[in-house]
Amino acid sequence: MSIRITRAYKTISAKAVGVIAAILPIDLLINERANIYNGQDRATARNSPMANWQGRWRTITKGRWTHRIITNISNWQNRRYGEVDYYLTQALSGYGCFNAFLYKRKRSNTEICKYCEAIDDAEHMLFAVLNGMTQERYMRKNWAGLLWRTLPWTSWEKKMNGR
């Protein structure tokens, strides 16, 4: 069900996709429901499984890229914004349209980024390429604003502006 919610590839780690989907593992959910059935209030019954899940998440060996981004499951699960979709799942899992991933599965001829000469994985795309593009756009915007304010304007342009 987690794979369907996140629209992930079926090769993704079950632990990572569970965290991305924010769905409590079934054994912990059963324990939570049993505690509620035995008379414990919901808030108290929820704390123990969440602590166990967080402990498991810290110690697993698969899904480490996802763990680097989502370290605290409770914060991720209780966020008030954003839905998980196909593209966010790719970024959070490292599986998807990155050349390093596609090259391992023989779907790409190279693992090199099309924007630079580095290996194209999720970390590179999120923190190098997209960050660089954002900075480039910011610089263009600021240069355009600077040029707009400093260029000498003709009388025709002043007429167009109603002066």
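Observations, loosely collected:
- Considering only residues in region 15-24 that are surrounded by 17 or more Cβ atoms within 10 Å (Cβ to Cβ) and not in a helix (DSSP H, G or I), the one that is nearest to the chain's Cα centre (by Cα) turns out to be ALA22.
- Every residue from region 28-64 that is farther than 20 Å from SER13 by Cα and assigned to a loop (DSSP other than H, G, I, E, B): ASN38, GLY39, GLN40, ASP41
- Residue match in region 96-108 (condition: in contact with a Leu (Cβ under 6 Å, 6 or more places away or on another chain) and assigned to a loop (DSSP other than H, G, I, E, B)): yes
- Being surrounded by 12 or more Cβ atoms within 10 Å (Cβ to Cβ) and without any contact (Cβ under 8 Å) to a residue 60 or more places away in the chain holds for only one residue in ASN99, ASN38, and it is ASN99.
- Residue count for region 109-125, restricted to those that are assigned to a helix (DSSP H, G or I) and under 21 Å from LYS15 (Cβ atoms): 2
- Residue within region 84-92 that is of a type in the set (Val, Ile, Thr), assigned to a loop (DSSP other than H, G, I, E, B) and surrounded by 14 or more Cβ atoms within 10 Å (Cβ to Cβ) present: yes
- Lone unmet requirement of (1) modelled with pLDDT of 85 or more; (2) surrounded by 11 or more Cβ atoms within 10 Å (Cβ to Cβ) for ASN75: (2)
- Checked against the criterion of being on the phi > 0 side of the Ramachandran plot and among the basic types (Lys, Arg), the candidates LYS114, LYS106 yield just one match: LYS106.
- Enumeration of residues in region 7-26 that are of a type outside the set (A, V, I, L, M, F, W, C) and farther than 19 Å from GLU83 by Cβ: LYS10, THR11, SER13, LYS15, PRO25
The values are calculated or read from the model by the stated rules, or taken from the named source; none is laboratory data. This one's a predicted model, so the numbers in the text were calculated from it and none came from an experiment. No Cβ is skipped: glycine too gets one built from the backbone with ideal geometry, and neighbour counts run over all protein chains shown.
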